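Visitor: Below are the structure tokens for one structure; questions will follow.
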Amino acid sequence: MEERPPGSLKPHLDKLTLGVTRILETSPGVAEVTFVEKEPAERHAIISWEQKNSCILPEDLKNFYLMTDGFQMTWSVKTDDTPMPLGSMVINSISKLCRLGGSSMYALPNAPCLADLEDDTDEEGNEDKPEKPHFDSRSLIFELDPCNGNGKVCLVYKHAKPVVSPDTEIWFLDRALYWHFLTKTFTAYYRLLITHLGLPQWQYAFTSYGVSPQAKQWFNMYKPITINTVLLSEEADSFVNKLDPNKCLEMLPQKLSEAFHKLVVEVSLIGNIRGSITPA
């Protein structure tokens with residue numbers, strides 16, 4: 001990818017990143033913030049993608065690609081004076097916006113595929129929830145973000161037939177291949193991506209089982225700029241050591257006294273039992 005001259009994107013950088021670069025650079029412990037500048041996608045490349053996949057890109061995503069062909073920002077934290085990669089914000093380029101679940105022409109006739117995982121019973125009793133994507137021909141699914149191997153954020157066309165106004169949504173596919181709804185539009189998802197600072201496993205905050213304990217530690221250290229504060233507010237103290245040494249020391253004599261009293265009672269009972277069964 002050809003890089004732009006230095007500073008060519010600077011006037012638009014704050015708007016593109018919603019000012020999060022300055023927030024990260026002033027955050028304690030953040031070692032370096034790296035933003036990869038990309039050329040705008042060529043219009044013919046977008047048209048070629050639409051023709052190849054028989055679908056129209058949503059207008060907001062198309063405008064995004066016409067401004068920058070993908071997005072990549074990473075940041076690290078210092079641990080023992082060594083930078084450790086932590087945050088990662090990625091939107092695949094138009095050339096890497098690849099379809100998931102499509103059968104390959106090189107696959108064997110009876111080879112397993114993602115469509116084999118379809119189970120219509122999953123939709124029963126979920127009328128109030130969005131309909132989940134399908135790996136078979138009912139949906140078209142394209143990978144927006146590989147999530148560093150923790151899952152995949154996908155652009156989902158709910159109806160595979162080509163339409164002028166595409167019915168698309170953004171979904172998260174976890175490592176167990178379960179679907180989780182994120183947003184209705186790419187713009188809304190992009191804001192989520194930025195405001196969650198690209199923290200590890202942040203997409204799992206929108207699942208029923210949440211992020212891992214290790215990821216929660218990072219969430220509490222670098223709180224996401226988001227209205228979704230339930231994850232932190234409910235369990236913010238779950239990692240705090242609530243052991244008060246002073247109270248423990250105050251309770252120690254009482255506990256020892258209780259234990260000694262219990263021991264004396266047990267010894268007395270044993271003595272009484274032995275005395276009662278001793279032959280005269």
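Visitor: Ranking request for peptides 194-203, 37-46, 92-101: highest mean number of other beta-carbon atoms within 10 Å first, then the rest in descending order. Working shown, then result.
Guide: Details: 194-203: 22.0, 37-46: 15.1, 92-101: 16.6.
Ranked by mean Cβ neighbours within 10 Å, highest first: 194-203, 92-101, 37-46.
Visitor: If you don't mind, there's one more thing I want to ask. May I ask which of K15/K52; K62/K216; K38/K216; K38/K129; K52/K152 have a Cα-Cα span longer than 30 Å here? Kindly include the intermediate steps, with their values, before the conclusion.
Guide: Values: K15/K52 32 Å; K62/K216 34 Å; K38/K216 32 Å; K38/K129 37 Å; K52/K152 22 Å.
With Cα atoms farther than 30 Å apart: K15/K52; K62/K216; K38/K216; K38/K129.
Any read-out appearing in this document is the output of simple, stated calculations on the displayed coordinates, not a laboratory observation. Predicted model, so just to flag it, every value in this text is computed and none were measured. Using ideal geometry, Cβ is built from the backbone for each residue, glycine included, and neighbour counts are taken over all protein chains shown.
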